[in-house]
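Structure first, then comments.
The values are calculated or read from the model by the stated rules, or taken from the named source; none is laboratory data. Nothing here was measured: the structure is a model prediction, and the numbers come from that model. Reconstructed Cβ throughout: ideal geometry from the backbone, glycine too, with neighbour counts over all protein chains shown.
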Amino acid sequence: LSSTCDRGAMVGLALQILSTVFVVFFYIPKTLCSFPAVPQGCLPHHALQVDVSDAESVERLFDDLKGFSEVASSIVVNCAGFADSNMQTAVDISEDIFDQTVGVNFKGAFLVSRAAARAMIDAGITDGAIVNVSSRAANGASPRLSVYAACKAAVVSFTRSMAAELAPLGIRCNAVLPGLTDSPPVLSMPEQMRRAMCAQIPLGRTAHPREVAQVVVFLCCPESSYVVGSAVVAAGGRQ
C-alpha cells in the first residue's frame, strides 16, 4: 500500500515505487479526479481515494482493501504530503493552511500508520514494514516552510517511537528524508532560483523520484530486516 498526493514529488515517488516492488494500492485525495498515467512496466495496481487527515476515511480504506485480497498489506509506504505553494512566513500563514499542513503531513502519517499497524497485528503479520516519507526540512530551519518542517520533524520522532513499540511484534518502522526532488513545482521554478538551491547541495543537483524510491524500496525489503527506527536522509549530501 502506497500513499500519494495530487501533485509534486510524491506522485513521482509513488509511480517509481510501483515500477519496482509489489506495491499494488494507491490512495489519493478527493481533490484528484484521476491518477497520473502509470508508466509501462509497472505492476498491477488499484487507485483508491481517501482523506488521510480523516480517521473514518482511513479506516474505510483499510476495510476496502479486504475486498481486493484476503492477504493484509504487509508493507505500507506513507508519502502523502502538502506544502503551501505561497511559502508564507510563520507570521503570515493562515490557520486554514496550518490545519491542512498538519492534517496531511503529520496527522495523516499517524492515522495511516496506526490503521496499518492494527491491520498487520490482526492478521498476524510478523514481517511487516511501514515507511513514512518525511523531508530533509525536518533537520533544520526552513524559512517560509516552518509548519511543514515542524510536521516532518514530528513524523520522524513519531516513526522512531512507533518503531520501538512495534519491533517486538515483527513490524519495522522507518522514515526517509528526501531533499529537493524533481517535480512540477521544482521544475517550474525560475532557473536562477533552482540553481541557487542546487548550489547548496553537495551533489549539485536535484533528486530524481527514482533515487528516493530506491531508498524506500530498500526499507521495505528483507535486505533491511535489521533496520528499525532509522531516519534515512536522501538529499544529495545535504543534511
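Ala196: surrounded by 16 or more Cβ atoms within 10 Å (Cβ to Cβ) and not hydroxyl-bearing (Ser, Thr, Tyr), yes or no?
Numbers: surrounded by 16 or more Cβ atoms within 10 Å (Cβ to Cβ): no; not hydroxyl-bearing (Ser, Thr, Tyr): yes.
In short, no.
Search the range 153-165 for residues that are without any contact (Cβ under 8 Å) to a residue 40 or more places away in the chain and pair each with any residue that is crowded, with 20+ Cβ neighbours inside 10 Å when their beta-carbon atoms are under 7 Å apart and the residues are at least 6 apart or on different chains.
Taking only residues 6 or more apart or on different chains, the pairs are Ala153/Ala138.
Of the numbered conditions (1) among the hydroxyl-bearing types (Ser, Thr, Tyr); (2) closer than 24 Å to Asp92 by Cβ; (3) within 17 Å of the chain's Cα centre (by Cα), Thr159 satisfies every one except a single condition; which is it?
The number of the failed condition is (2).
Out of the helices (runs of 4 or more DSSP H) lying entirely within the range 171-239, which hold 1 or more residues that are modelled with pLDDT of 90 or more and either within 25 Å of Ala150 (Cβ to Cβ) or of a type outside the set (Lys, Arg) (or both)?
Numbers: elements: 184-187, 191-198, 209-220.
Output list reads 191-198, 209-220.
Which residues, counting only those in the range 197-239, are charged (D, E, K, R) and either under 24 Å from Pro143 (Cα atoms) or over 19 Å from the mean Cα position of the chain (by Cα) (or both)? So that I can check it myself, show each step before the final result.
Filtering the range 197-239 down to residues charged (D, E, K, R) leaves 205, 210-211, 223, 238.
Selection gives Arg205, Glu223, Arg238.
Residues checked against (1) free of Cβ contacts under 8 Å to residues at least 60 places away in the same chain; (2) surrounded by fewer than 16 Cβ atoms within 10 Å (Cβ to Cβ); (3) closer than 24 Å to Gln49 by Cβ; (4) touching an Asp or Glu at 6+ places or on another chain (Cβ under 8 Å):
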| position | (1), (2), (3), (4) |
| --- | --- |
| Phe62 | yes, no, yes, no |
| Asn105 | yes, no, yes, no |
| Val112 | no, no, yes, no |
| Arg118 | yes, yes, yes, no |
| Asp127 | no, yes, no, no |
| Ile130 | yes, no, yes, no |
| Ser142 | yes, no, no, no |
| Cys151 | yes, no, yes, no |
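Could you list, ordered by first residue, the pairs with Cβ atoms under 8 Å in which the first is in the range 194-208 and touching a residue at least 12 places away in the same chain (Cβ under 8 Å) and the second is assigned to a strand (DSSP E or B) and of a type outside the set (Phe, Trp, Tyr), at least 6 apart or interchain?
Matching pairs, first to second residue: Thr206/Thr181; Ala207/Pro178; Ala207/Thr181; Ala207/Ala234; His208/Thr181.
Within the range 88-105, take every residue that is of a type in the set (S, T, N, Q) and under 17 Å from Ala154 (Cβ atoms) and give me the one that is nearest to the chain's Cα centre (by Cα). Walk me through how you get there before you give the answer.
Step one: of the range 88-105, the residues of a type in the set (S, T, N, Q) are 88-89, 94, 100-101, 105.
Add one more test, that the residue is under 17 Å from Ala154 (Cβ atoms), and what stays is 100-101, 105.
On the way: Gln100: 16, Thr101: 14, Asn105: 8 Å.
For the range 88-105, the residue satisfying everything is Asn105.
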